[in-house]
1. Could you grab me the full set of residues in segment 197-225 that are buried (at least 19 other Cβ atoms within 10 Å of the Cβ) and touching a residue at least 40 places away in the same chain (Cβ under 8 Å)?
2. Could you tell me which of the residues Tyr158, Tyr172 is within 21 Å of the chain's Cα centre (by Cα), at pLDDT below 85, aromatic (Phe, Trp, Tyr) and buried (at least 16 other Cβ atoms within 10 Å of the Cβ)?
3. Considering segment 52-75 alone, what residues qualify as being surrounded by fewer than 16 Cβ atoms within 10 Å (Cβ to Cβ), closer than 19 Å to Gly31 by Cα and among the hydrophobic types (A, V, I, L, M, F, W, C)?
4. For Phe55, work out the one condition from (1) in contact with a strand residue (DSSP E or B) (Cβ under 8 Å, 6 or more places away or on another chain); (2) not in a helix (DSSP H, G or I) it doesn't fulfil.
5. Take Ile49 and decide whether it is assigned to a helix (DSSP H, G or I), touching a Cys at 6+ places or on another chain (Cβ under 8 Å) and among the β-branched types (Val, Ile, Thr).
6. Name the residues in segment 103-127 that are in contact with a helix residue (DSSP H, G or I) (Cβ under 8 Å, 6 or more places away or on another chain) and either of a type in the set (Gly, Ala, Ser) or more than 24 Å from Thr139 (Cβ to Cβ) (or both), would you?
7. Could you list all residues from segment 120-140 that are without any contact (Cβ under 8 Å) to a residue 24 or more places away in the chain and surrounded by 14 or more Cβ atoms within 10 Å (Cβ to Cβ)?
8. How many residues are among the hydroxyl-bearing types (Ser, Thr, Tyr) and either at pLDDT below 90 or in a loop (DSSP other than H, G, I, E, B) (or both) if we restrict to segment 108-126?
Amino acid sequence: MILKADPDKVLRFLVENFELVRSLYLAQLEGNVISREQFNALTKHTGDISINRLFEYKLLSEQYEDIRLNDPVRAFLAFLISEFKPLLPSELEKYRTSFVELFTAVQECPEGEQPILLEQLQALYDEVQRFLENVENNTGQLLRETQHLKANKDKMEYGERIRRARHLIEYYITPLNNILDLQHSESIASLLGQISAYANRERLVHGYQLARDRFGQLHELLRGGNERILRQSRILSRELLPLIERLQTESEILSGWLFFLERPFRHEVPSFTTRSYRNFFGSSTGANVALFMEQFIQRVEAVILQEEEITAVDRHEVLFDRQLYVESLQEQLPVHDFFEWCRERLYQNEQRPSTERFLKICSIVFEDSEKYETEFTGRRIEIELEDFVFHVPEVKVSSKTKKDDVP
């Protein structure tokens with residue numbers, strides 16, 4: 001029997017059984033569905049009446065052998081708990097199509113069809129609101145996942161953490177940054193700017209008062225949305241990307257130490273019994289420390305009153321195109337002096353050469369060691385960069401695949 005429950009009864013039931021419902025939501029968030037075994041384990045100490053109410057109140061529904069929270073309930077719990085499954089950028093890209101279709105319909109609406117124009121404006125307003133909310137949810141969840149990855153509370157192996165960091169950058173963070181890039185003419189943020197400019201004109205000159213009011217509402221939403229998009233872009237470029245790139249930088253230090261332990265007799269061991277003087281701090285150390293400390297400061301958001309004062313974040317200051325160097329190395333193999341090759345590529349491709357970027361370029365061989373063959377000549381060379389002088393071995397790098405193919 002299907003109960004026609006009053007809304008207050010359903011809400012009271014959710015309050016009384018909130019921990020159970022939260023556990024069901026988190027289980028579905030992790031596995032997309034709640035298996036029958038998970039459901040039985042989570043409801044082991046729950047009475048039959050409460051279990052029946054979950055289905056009678058339409059909070060849960062059965063799908064073959066599995067169970068799912070109904071979408072309105074799932075969305076409500078996501079809002080309460082602030083735990084979301086990040087949307088792939090391809091899922092966010094669907095909004096581009098809907099924005100273009102709705103915007104075109106508004107522009108081409110025949111004169112005199114005022115009711116349909118109002119409905120189209122309302123649909124466009126709702127779609128923009130959903131897009132902005134999803135972008136904020138995505139950015140917040142990606143930041144939480146990145147901080148969780150940095151803290152490594154799950155005790156993951158280091159290689160797995162690096163792979164997870166690269167996965168987040170390549171499939172979520174970089175594409176999301178492209179979607180929010182106001183300087184790119186094909187980005188969704190740029191499209192919303194065009195819609196905002198059109199709505200601003202129509203709210204002043206349209207001949208129908210209700211339409212002018214709706215255009216005004218849409219323009220105000222898009223003005224505020226522009227600020228919200230810039231806020232998410234700042235989170236991506238100033239907090240999330242530096243945090244996750246520091247995780248990758250750590251791998252270079254550990255990879256070098258592990259590389260030495262694997263071949264301890266092929267490299268000179270530094271003397272730990274004699275006093276030596278080395279400068280461990282460079283000109284960029286203070287800036288890097290300041291960048292790290294910024295993420296813990298409770299910053300007050302600046303209120304921007306004029307659209308022309310808004311400037312987009314230069315993402316080239318923080319993004320490192322690893323794939324560019326991998327492809328360049330593959331094309332030039334074999335390389336007879338790998339570290340000198342890294343220095344040349346650094347000054348050729350980077351607008352702001354730095355020691356950090358040099359180490360990132362050097363790491364492409366050691367992080368993918370299964371793809372490359374390295375041969376040490378026994379000689380050492382000096383690489384001068386910023387305030388550092390690196391005494392590095394002369395290394396010849398060639399492709400394992402190509403070498404194995406030689407008869």
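1. Arg214, Phe215, Leu218, Leu221, Leu222, Gly225
2. On the way: Tyr158 fails: buried (at least 16 other Cβ atoms within 10 Å of the Cβ).
Residue meeting the stated conditions: Tyr172.
3. Within segment 52-75, just Ala75 meets the criteria.
4. Evaluating Phe55 over (1) in contact with a strand residue (DSSP E or B) (Cβ under 8 Å, 6 or more places away or on another chain); (2) not in a helix (DSSP H, G or I) leaves (2) as the failure.
5. The answer is no for Ile49.
6. The answer is Phe103, Ala105, Val106, Gln107, Cys109, Gln114, Leu117, Leu118, Gln120, Leu121, Gln122, Ala123.
7. Within segment 120-140, Gln120, Ala123 qualify.
8. Final tally of qualifying residues: 0.
The values are calculated or read from the model by the stated rules, or taken from the named source; none is laboratory data. Every value quoted in this text rests on a predicted model; they were computed, and no experiment measured them. Please note: Cβ atoms are built from the backbone with ideal geometry, for glycine as well, and neighbour counts cover all protein chains shown.
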